[in-house]
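Step one of this worksheet: look at the structure below.
The values are calculated or read from the model by the stated rules, or taken from the named source; none is laboratory data. If you're wondering where the values come from, they're calculated on a predicted model, not measured in any experiment. In this analysis, Cβ positions are derived from the backbone assuming ideal geometry, glycine residues included, and neighbour counts consider all displayed protein chains.
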Amino acid sequence: MIIQRYIEFKQKQDNLFGSYAIIPMNLCNELENKNGFLSKKEQDILRKMNHKNRIRSFCAGRFAAKKAIKLINPDYISADISIVPGILENPVILSDYPLNLNISISHSQSFSFAVVTSPICPVGVDTEVILKENQKEYLALSTKHEILLTMNIFQEDELTAAARLWALKESLSKTIKCGLTIPLKLLEIISFDEELKSRCVFKNFPQYRATSFTLNGSIFAICLPYSINIYDNF
């Protein structure tokens with residue numbers, strides 16, 4: 001099952017648009033054998049990889065990203081678009097055609113998740129599998145207060161709340177292009193919006209909000225500027 005959708009923004013503007021795609025990782029074996037969607041630059045990167053999981057996530061990430069891009073630009077040919085690592089290892093779109101978009105990609109054992117937005121809108125995404133074996137790692141990223149707050153808002157158990165907090169914080173770290181390299185306390189979540197409870201409020205980055213949703217045992221999170229809201233069309 002491949003999911004492709006436009007993002008439905010509140011406070012609609014002509015120059016504000018976006019889309020996303022979710023690709024199950026179990027499609028990756030087929031993608032590796034039928035990689036005509038990859039550009040020459042991407043194929044060159046792929047040939048230098050020798051780890052199976054890295055190859056699978058690379059192919060799935062590019063496939064998801066190009067599915068999202070094609071929703072906005074249906075005339076583009078996938079193999080003419082290159083998504084390459086930038087200086088900070090964040091994905092960057094290269095194309096011979098005018099294609100000015102922000103992009104964020106995330107992988108887990110289960111899914112690849114990609115979002116593209118218009119150039120005026122920074123974005124970051126993350127996806128995490130809700131696995132008991134990851135609970136200790138997830139809990140290490142958040143305070144007890146954050147865990148209890150999230151459990152109460154979403155009426156979920158500690159494991160799911162911890163995975164959700166991880167995804168929300170990592171989506172912010174990708175939006176500001178630092179990854180989880182900064183002191184984790186800087187990513188602290190202090191509350192969730194009263195109007196839209198799925199949106200979290202960051203203590204040190206009030207200019208952003210992150211929204212999360214669950215699908216087939218995974219958490220997905222997307223971070224956007226605070227002034228932009230999205231309809232619950234996931």
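Summary of computed values
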read-out: Matching residues in the stretch 143-155 - criterion: being buried (at least 16 other Cβ atoms within 10 Å of the Cβ) and at pLDDT 95 or above; value: GLU146, ILE147, LEU149, THR150, MET151
read-out: Residues of the stretch 88-115 satisfying the condition of being touching a residue at least 60 places away in the same chain (Cβ under 8 Å) and within 20 Å of LEU168 (Cβ to Cβ); value: ASN90, SER104, SER106, HIS107, SER108, GLN109, SER110, PHE111, SER112, PHE113, ALA114, VAL115
read-out: Any strands (runs of 3 or more DSSP E) falling wholly within the stretch 144-234 and containing at least 1 residues that are over 27 Å from ASN90 (Cα atoms) and either small (Gly, Ala, Ser) or assigned by TED's automatic domain parsing to the domain that holds GLU133 (or both); value: 189-192
read-out: Residue within the stretch 49-68 that is in the same structural domain as ILE93 (by TED's automatic domain parsing), modelled with pLDDT under 90, aromatic (Phe, Trp, Tyr) and farther than 14 Å from ILE105 by Cα present; value: no
read-out: The stretch 187-234, residues that are small (Gly, Ala, Ser) and closer than 22 Å to ILE130 by Cβ; value: SER198, ALA210, SER212, GLY217, SER218, ALA221
